Amino acid sequence: MKICIFGAASEHIDKVYINSVETLGEELAKRGHTLVFGAGGTGLMGAAARGFAKGKGFIHGVIPEFFREERVELIYENCDKITYTKTMAERKFIMEDEAEAFIITPGGIGTFEEFFEVLTLKQLGRHTKAMAIYNIEGYYDDLEKFMDTVTERKFITFKCNELYSVFTDAAKLIDYLENYTPEETAWQKLKIGD
C-alpha cells in the first residue's frame, strides 16, 4: 500500500517524536508498504523516510522546486523517486492522489492544513482512504477535544469525526490501515447531518 505520511519538518523537536516516526516507517516498510511524502530531510518527514529506508521500502518524495532553489528546507536525498512541482498545491495533489492511506504525525501549520484538506475531501466524497492520526505523547489531545466541541455545537456532524482514527500505539495504527474498509456513507449525510 502507498502510504502518505504528513508531519513536521522542524529539526528542533523532541527526539521522542523523531524516534517514534522512524520506527513506524521502518515497520511499515518491512510489511511491504511504500512511502509518499513531502521529501523533507529533517523533522518527522526525514524520520519517516529514514525508517522506510531502514526497512528497505520504496520512497517517493514530492517537493516544490522553490524549496530546492531557495533552500527552504533540507531535501531527503535518498528518495527512490523525487517529483519536483511548481506549487505547494501541486505537491499536495500528487501526494493525495498517489496515496492509498494517510498518516498524520505531529506537525505545525503545514501538517494541520494537510490533515484538514484530506479530511474535507473525504467528507465531500472525493476519496474513501484510511486516515490515521499518530498521537505521540498526547500531541493531538487538544485537537480531539476541539473536534468534539465543533461537533457538539453542530458545526460538523458526528460522522465527520468517524472519518479518521487516532492512535497512540503504532502497531494498532498499522493494523487499522491494513484492515481498513471504507464505510458507505453518502457524502451528503456527512455534510448536512442525518
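Derivation of every value follows stated rules applied to the coordinates shown; laboratory data play no part. Worth saying up front: this structure is predicted, and the values here are computed from it rather than measured. Positions of Cβ are backbone-derived with ideal geometry, glycine not excepted, and every protein chain shown enters the neighbour counts.
A few remarks follow.
- Here is the tail figure for the chain: Cα pairs spaced more than 20 Å apart come to 53 percent of all pairs.
- For THR181, THR151, THR111, order by how many other beta-carbon atoms lie within 10 Å, fewest first: THR181, THR151, THR111
- Under the membrane-span-like helix rule (DSSP H runs whose alpha carbons stretch at least 30 Å along the helix axis, mean Kyte-Doolittle hydropathy 1.6 or higher), the chain yields none.
- Each distinct pair of alpha carbons in segment 36-150 adds a 1/r term; the inverse of their mean, the Kirkwood radius, is 15.1 Å.
- Using a Förster distance of 30 Å, the FRET efficiency for GLU117-LYS15 (Cβ separation, nearest 0.05): 0.55
- Shown here for segment 36-145: GluC sites (Glu not before Pro) in loop regions (DSSP other than H, G, I, E, B) with at most 11 other Cβ atoms within 10 Å, namely GLU70, GLU77.
- For ILE13, ILE104, the sequence from fewest to most other C-beta atoms within 10 Å is ILE13, ILE104.
- Where trypsin sites (Lys or Arg not before Pro) fall in DSSP loop in segment 1-62, at most 11 other Cβ within 10 Å: LYS56
- Relative contact order (%) - segment 2-192, alpha-carbon pairs under 8 angstrom, separation at least six: 20 percent
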